[in-house]
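Okay, structure first, notes after.
The values are calculated or read from the model by the stated rules, or taken from the named source; none is laboratory data. Since this is a predicted model, take the numbers as computed values, not measurements. Virtual Cβ from ideal backbone geometry, glycine too; neighbours counted across all protein chains shown.
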Amino acid sequence: MFLETVSVDQARKYIAAGRKVWEYKTKNVAAEPIFGPAYDDEAAVERARAANLYAENVEEAQKCARGQKTSIEAVVFLERD
């Protein structure tokens, strides 16, 4: 297993091809993480949903990031062997 971090533009292509996001990275490294649909800790995902820190796609993630006064700069995908 490894993580692949890509640009927002590349992430849109990956998502359109059916890949699921593990995490969205913001420009502010001190901001809370924004989890994606591939994140596999259900308890953490539920807490993230309640705190508006979960997104199904880049547009939703940008809205979550704006709530933290930042924006998405990269997207992380989990690769499983």
#### Entry: Of all residues in segment 2-28 being part of a strand (DSSP E or B) and not aliphatic (A, V, I, L, M), the one that is farthest from Tyr39 (Cα to Cα)
Thr26
### Message
Just to verify a result, which residue in segment 57-81, among those that are in contact (Cβ under 8 Å) with a residue 24 or more places away in the chain and surrounded by fewer than 13 Cβ atoms within 10 Å (Cβ to Cβ), is nearest to Tyr14 (Cα to Cα)?
### Response
Glu79
#### Entry: Residues that are closer than 15 Å to Glu23 by Cβ, of a type outside the set (S, T, N, Q) and at pLDDT 95 or above, drawn from segment 59-81
Glu60, Ala61, Cys64, Ala65, Ile72, Glu73, Ala74, Val75, Val76, Phe77
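Conditions tested, residue by residue: (1) closer than 14 Å to Ile72 by Cα; (2) surrounded by 17 or more Cβ atoms within 10 Å (Cβ to Cβ).
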residue: Lys13; (1), (2): no, no
residue: Ala16; (1), (2): no, no
residue: Lys20; (1), (2): no, no
residue: Ala30; (1), (2): yes, no
residue: Tyr54; (1), (2): yes, yes
### Message
Anything in segment 1-60 that is of a type in the set (A, V, I, L, M, F, W, C) and under 15 Å from Ser71 (Cβ atoms)? List them, or say none.
### Response
Val8, Ala11, Val29, Ala30, Ala31, Ile34, Leu53, Ala55, Val58
